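The values are calculated or read from the model by the stated rules, or taken from the named source; none is laboratory data. As the structure is a prediction and not an experimental result, all values here were calculated from the model. Cβ placement follows ideal geometry from the backbone for every residue including glycine, while neighbour counts extend to all protein chains displayed.
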Amino acid sequence: MTTQGHESHSQVRLLREQFLSKHLPELPGVRDIISASWRRALEHHIDADEPNPIFVTDRDEESLLVRSATPILDNLRAELAGHPVAILLTDADGLVVRRSSVDRALDSGLDRISLAPGYSYAEESIGTNGIGTTLECQEPVLVSGFEHFNSRLAAFECAGAPIHHPVRGHLVGVLDLTSWTGTPGPLLLTLARRTAKQIEEAMLGGLGARELALFRDYLASCQRGSGAILAVNEDVVMVNNHARELYDVADRAALLTHSADVAGATKRVTVLADLPSGVVARLEYRPVYSGSVLAGGVFRVKNQAAAPRAAGTDLHLPGVVGTSPAWRQACAAAQASFSGGNWLMLTGERGTGKAALAQAVARHHAPRGQLIVQDCSGVDDYEAWAGALADEVAGGTAPAVVLRHADSPGTEGLRRLTDVFTSWQGTSLGRAPAWVAVTLSDTSRYPDAAGWLMPFFAHTVEVPPLRHRIEDVRRLVPHLLARHAKSPDLALSDACLRQLMRLPWTGNVCQLDRVLAEVSRRHRSGTIEVTDLPAECRTTARRQLTQLESIERDAIVRSLAAHHGNKERAAADLGMSRATIYRKIRAFGIVPSQ
Ligand SMILES: Nc1ncnc2c1ncn2[C@@H]1O[C@H](COP(=O)(O)OP(=O)(O)OP(=O)(O)O)[C@@H](O)[C@H]1O
């Protein structure tokens, strides 16, 4: 054996055979890093004798990694002329994107084990090796001879070094040097490490001007103060150590969601963020420019004084719950509009609870009063509809009126509606409503609808999206679950609740309600765990998935559930290769079943 401190070639061969025949958990004489990898190989059902790595056609040969590495690898190849050493570059999934060597015999040896462009040398594909094990351990790894899980790789010495993105810090690939056993392994490892470092430096030089401008500003901000700093644009997220120390994973995820919503603004903005831990953070955003082009934004994050949330209770409005400052503020503003006799316009994303809040305010302030709730969308004949509404109000006892989706009628419908409003405003109280609230969506098909309605409404309240007041999930879950559950003892485990608090809830409370309805259809009683949640909730990807990606993600989660977490069978069912499913599980942040 070539590596100091390693067992001899034949000893390792014996130990490997013992491991394969007896599946021993402890293997004195085998390095921990190797025995742990062998155990993973068994779990992945890797063949110990026939190398059968997965072949993938969609590898990225135009990436920053490949572009930056190419001249360095060409130089190294020239330096190594005459030595039987192959230079391999893989992406972060272990797919070989480049191989070069000057030694014909070594080349054909590598061809025989498919260590060639297009093949995956991830552990899931071939077991312990210098590429896959480096990826798993995220540190430089040397794998010698029979330390390889597959016996056909035993003729080789493989030294892998991870390559990290120079700004974002995540793993982008592996630089691997492979030779015949007998080559001094530590030398190969040192050379692999040095080359990986050079590639990282070249990547930094090759980054776009925008990323560099953002990076410089971020570094300067970190040096200026001791607080938590985030820097973001569409491609990059940077988080300093203070942020990591001050906020746990769930809080950091919530901070990133908030920052993604603000990033892109061209002026300084300060927003308050409710974090899952209950902390209210203040994010001060400053845009960063590269010349005249917006490069992204830097956020300085501070904890808001505890005062605004000291009460921490909800406002006891009938039918709605929530304790976050943002929700309480919206409730207070809506109540003030009722108390002041002002009509109210509620805006915000779909499903945030605009109509629920309007009804709650009306019921709270006039518990015995009449309440008329109507949906303005999908009406065929607005003339007849508006007439019927006016009659109902005139025949009632000064009801409160809540009109949902008041921006959905076209011009003709809006004309009828505003005629009714005009008549109400000119009528004595007996024939007019006591209060009117309308809800508008943020994606109206009729952008000028707000212009029609605005003159009648003195107050506008924006109901914040659920992701901006994520702590409300704690109160909403039992409240909404009680609507759907057949049994009072149906509850969510803490882990499950935490998982829900990590999600972006693009469909807001409405989506949460739908999820809980679905869960309670399948579980009548007991505790709901993360694995019981529907596919859309079993991911931790922080970026928003496209519609197509969401469909794909849901299909993978369903297939994994159907095959009890067996990735190979799930992939086969979906007509995907093993490498693809592994890559997608990582990319979509799918939480595997236990
Ligand atoms: N704070 C809350 N507490 C309890 N339930 C809520 C709350 N907010 C919303 N809901 C519930 O969530 C669902 C969606 O709320 P609602 O219909 O009021 O939303 P919206 O913003 O008016 O939606 P859209 O824009 O789609 O019309 C309803 O079932 C509602 O009862």
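Would you mention how many residues in the range 338-360 are crowded, with 23+ Cβ neighbours inside 10 Å, polar (S, T, N, Q) and in contact with a strand residue (DSSP E or B) (Cβ under 8 Å, 6 or more places away or on another chain)?
So the count comes out to 0.
Go through the range 353-379 and report how many residues are of a type in the set (Val, Ile, Thr) and under 13 Å from Ala432 (Cα atoms).
Matching residues across the range 353-379 total 1.
Which ones in the range 182-238 are hydroxyl-bearing (Ser, Thr, Tyr), assigned to a helix (DSSP H, G or I) and more than 20 Å from Gly264 (Cα to Cα)?
Thr190, Thr195
Just checking, how many residues over the range 479-499 are among the aliphatic types (A, V, I, L, M) and farther than 27 Å from Ala250 by Cα?
Of the residues in that region, 1 qualify.
Looking at Leu346, is it assigned by TED's automatic domain parsing to the domain that holds Trp435, within 9 Å of the ligand (Cβ to nearest atom), assigned to a strand (DSSP E or B) and under 37 Å from the mean Cα position of the chain (by Cα)?
For Leu346, the condition - assigned by TED's automatic domain parsing to the domain that holds Trp435, within 9 Å of the ligand (Cβ to nearest atom), assigned to a strand (DSSP E or B) and under 37 Å from the mean Cα position of the chain (by Cα) - is met.
Only one of these conditions is not met by Val271: (1) within 16 Å of the ligand (Cβ to nearest atom); (2) more than 20 Å from Leu497 (Cα to Cα); (3) surrounded by 14 or more Cβ atoms within 10 Å (Cβ to Cβ). Which number is it?
Only one criterion in (1) within 16 Å of the ligand (Cβ to nearest atom); (2) more than 20 Å from Leu497 (Cα to Cα); (3) surrounded by 14 or more Cβ atoms within 10 Å (Cβ to Cβ) is unmet by Val271, namely (1).
Looking at (1) modelled with pLDDT under 90; (2) among the aliphatic types (A, V, I, L, M); (3) more than 23 Å from the chain's Cα centre (by Cα), which is the one condition that is false for Val239?
Condition not satisfied by Val239: (3).
Okay, residues lined up against (1) at pLDDT 95 or above; (2) under 17 Å from Asn342 (Cα atoms):
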{"position": "Ala366", "(1), (2)": "no, yes"}
{"position": "Ala398", "(1), (2)": "no, yes"}
{"position": "Arg404", "(1), (2)": "yes, no"}
{"position": "Arg415", "(1), (2)": "no, no"}
{"position": "Ser428", "(1), (2)": "no, yes"}
{"position": "Ala434", "(1), (2)": "no, yes"}
{"position": "Tyr446", "(1), (2)": "no, no"}
{"position": "Gly451", "(1), (2)": "no, no"}
{"position": "His459", "(1), (2)": "no, yes"}
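Please find, within the range 361-377, the residue that is nearest to Val393 (Cα to Cα) out of those that are within 12 Å of the ligand (Cβ to nearest atom) and surrounded by fewer than 21 Cβ atoms within 10 Å (Cβ to Cβ).
Val373
Enumerate the helices (runs of 4 or more DSSP H) found wholly within the range 31-126, keeping only those where 3 or more residues are closer than 18 Å to Ala192 by Cβ.
In the range 31-126, the matching helices (runs of 4 or more DSSP H) lie at 32-43, 64-79.
Tally up the residues in the range 318-336 that are under 25 Å from the mean Cα position of the chain (by Cα), small (Gly, Ala, Ser) and within 11 Å of the ligand (Cβ to nearest atom), please.
So the answer is 2.
Going by what's in this entry, would Gly296 be described as modelled with pLDDT under 95, away from the ligand (no atom under 12 Å from the Cβ) and on the phi > 0 side of the Ramachandran plot?
yes
What pairs come up if the first residue lies in the range 380-396 and is over 14 Å from Val436 (Cβ atoms), the second is among the small types (Gly, Ala, Ser), and their beta carbons are under 7 Å apart, counting only those six or more places apart or on different chains?
Tyr382/Gly413
Look through Thr128, Thr90 and report the one residue that is surrounded by 24 or more Cβ atoms within 10 Å (Cβ to Cβ) and farther than 27 Å from Leu14 by Cα.
Result of the check over Thr128, Thr90: Thr90.
Among the residues that make up the range 410-433, is at least one of them crowded, with 18+ Cβ neighbours inside 10 Å and within 16 Å of the ligand (Cβ to nearest atom)?
no
Taking the criterion of being hydrophobic (A, V, I, L, M, F, W, C), in contact (Cβ under 8 Å) with a residue 40 or more places away in the chain, within 21 Å of Val530 (Cβ to Cβ) and out of contact with any Gly (no Cβ under 9 Å at 6 or more places or on another chain), would at least one residue in the range 454-469 satisfy it?
Within the range 454-469, not a single residue is hydrophobic (A, V, I, L, M, F, W, C), in contact (Cβ under 8 Å) with a residue 40 or more places away in the chain, within 21 Å of Val530 (Cβ to Cβ) and out of contact with any Gly (no Cβ under 9 Å at 6 or more places or on another chain).
Which of the residues belonging to the range 204-227 are closer than 24 Å to Thr70 by Cα, under 25 Å from the mean Cα position of the chain (by Cα) and of a type outside the set (Gly, Ala, Ser)?
Hits for the range 204-227 are Leu207, Arg210, Glu211, Leu212.
From the set of residues in the range 170-185 that are in contact with a strand residue (DSSP E or B) (Cβ under 8 Å, 6 or more places away or on another chain) and at pLDDT below 90, which is surrounded by the fewest Cβ atoms within 10 Å (Cβ to Cβ)?
Ranking the qualifying residues of the range 170-185, first place goes to His170.
Could you please find all residues in the range 228-284 being touching a residue at least 60 places away in the same chain (Cβ under 8 Å), in contact with a Phe, Trp or Tyr (Cβ under 9 Å, 6 or more places away or on another chain) and under 22 Å from Gly208 (Cα atoms)?
Of everything in the range 228-284, those that are touching a residue at least 60 places away in the same chain (Cβ under 8 Å), in contact with a Phe, Trp or Tyr (Cβ under 9 Å, 6 or more places away or on another chain) and under 22 Å from Gly208 (Cα atoms) turn out to be Ile229, Leu230, Ala231, Val232, Val236, Met238.
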